[in-house]
Amino acid sequence: MNAYLAELRERFATLEKREQTALLLLGGFMLLLVFYFSVWSPVYEFLEDSRVDHDRHLKLLTYLQSTEAEARAASGGSKKSASDGNLLTSVSRTAQTVGVSPSRMQPEGSGAVSVWFEAVPFTQLMVWLERLESQQGIVVRQISIDKRDEPGQVSARLVLRD
């Protein structure tokens, strides 16, 4: 490597003063190009992309904050609370509309009820739970599901809360 550098210096020394100056300027220009394309341009593009992302997220945040009250009112107003009526009545009425019948129901303190199923189709049970949550605002507080011998049939114990 040193021999190669010594040869280059020797060849550079044999050049005329104008050629040496031109070669130095060309080398400096090449260094600037390498620096620009390998360091400066990627850093600038990253910063510009970050600014665009920041502006986009800031607009989204502003929009979400401006519609927060409306969204909360809409979500609260669409669900009928089970506390308006009797929780047991709401649970049994919704079960009948789906075609499942609990084997036993028992109140669990204020605002909760335990429901047992001996043999119920799993898909109908899930449809019933979805309707309870979306239409009545009743949520599952605790659930235990056991597989039965018949395909698609399960036994379940649920604690529901309004």
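The values are calculated or read from the model by the stated rules, or taken from the named source; none is laboratory data. All figures in this text were calculated on a predicted structure; none of them were measured in a lab. Note that we place each Cβ from the backbone using ideal geometry, even for glycine, and neighbour counts take in every protein chain shown. Each accessible area value is taken on the protein alone, full model and side chains, heavy atoms only, with ligands, DNA and RNA left out. Shrake-Rupley method; radii C 1.70, N 1.55, O 1.52, S 1.80 Å.
So the values come out like this:
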read-out	value
The chain, helix-only ellipticity at 222 nm - DSSP H runs n ≥ 4, -39,500 (n - 2.57), divided by all residues, nearest 500	-18500 deg cm²/dmol
Residue 12 paired with residue 145, simple spin-label distance in nm, labels 7 Å along Cα-to-beta-carbon	7.7 nm
Pairwise label distance in nanometres, residue 37 with residue 103, each label 7 Å out on the Cα-Cβ vector	7.7 nm
Accessible area (Å², 1.4 Å probe, nearest 10) - residue 17	150 Å²
Residue of 95, 22, 74 that the Gaussian network model of the chain assigns the largest fluctuation, springs spanning Cα pairs under 10 Å	22
Percentage relative contact order, the chain, counting C-alpha pairs under 8 Å, at least six apart	17 percent
Most to least packed among 131-142, 3-14, 96-107 [average Cβ atoms within 10 Å]	131-142, 96-107, 3-14
Distance (nanometres) between label positions extended 7 Å along Cα→Cβ at residue 2 and residue 72	7.7 nm
For the stretch 2-71 versus the stretch 99-120, the gap between their alpha-carbon centres in whole angstrom	68 Å
Residue-normalised accessible area of the chain, expressed per residue, 1.4 Å probe, Å²	75 Å²
Under the span-like rule (Cα at least 24 Å along the axis, Kyte-Doolittle mean at least -1.0), DSSP H helices of the chain	17-35, 41-66
Linear extension gain, residue 62 paired with residue 44, 0.36 nm per residue minus alpha-carbon span	3.8 nm
